Amino acid sequence: MALPTLTPEQRAEALAKAAEARKARSELLASIKSGERTIASVLGKAKEDKTIGKTKVAALLKAVPGLGAVKVAALLEQTGIDPDRRAAGLGDRQRAALIDALN
């Protein structure tokens, strides 16, 4: 299936929207890294907030101080969560298991 042809205006609009989404995701990860927001509160808002919902769980966890790629991979495997899962796609049990494993 071929991609639709966009007009220059549509393309510019799409690029601006993508840049805005990247900026919002970056601010979210920075707030987790600084300790301003906890991972539990962020995951709790994943269904309502589009920025949080579209962010991969692994990226959110890597922003937590003290968690690197290896610990995040082990944590996701332990809780049975796919590394490519996005925050909005987590079920209630998965979210609870992840928060319990972090505490």
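The values are calculated or read from the model by the stated rules, or taken from the named source; none is laboratory data. Just so we're clear, the structure is a prediction, and the values are computed from it rather than from any experiment. For neighbour counting, all protein chains shown are included, and Cβ atoms are generated from backbone atoms with ideal geometry for every residue, glycine included. Accessible surface areas use protein heavy atoms only, side chains included; no ligands, DNA or RNA. Shrake-Rupley method; radii C 1.70, N 1.55, O 1.52, S 1.80 Å.
Data table
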| quantity | calculated |
| --- | --- |
| Length-normalised contact order for the chain - Cα pairs under 8 Å, 6+ apart - percent | 24 |
| Rh by Kirkwood over Cα pairs, then Stokes-Einstein D for the range 12-101 at 1.567 mPa s and 4 °C, µm²/s | 97 |
| Probe 1.4 Å, protein heavy atoms only - accessible area per residue of the chain in square angstrom | 68 |
| Dipole magnitude (debye, nearest 20) for the range 12-101, charges at Cβ of Lys, Arg, Asp, Glu | 120 |
| Exposed GluC sites (Glu not before Pro) absent - longest run of the chain, DSSP non-H/G/I/E/B, at most 11 other C-beta within 10 Å | 49-103 |
| Estimated translational D of the range 1-54 in µm²/s (Stokes, Kirkwood radius over Cα pairs; 20 °C; 1.002 mPa s) | 164 |
| ³J(HN,Hα) computed for each position of the range 9-20 - Karplus, 6.51 cos²θ - 1.76 cosθ + 1.60, integer Hz, glycine/proline x | 5, 5, 5, 4, 5, 5, 5, 5, 5, 5, 5, 5 |
| Spin-label pair Glu77/Ser41, simplified geometry with 7 Å Cα→Cβ offset, distance in nm | 3.3 |
| Centroid-to-centroid separation of the range 59-103 and the range 1-20 [C-alpha atoms, Å] | 33 |
| Cα-based Lys pair tally, the chain, threshold under 19 Å, eight or more apart or on separate chains | 21 |
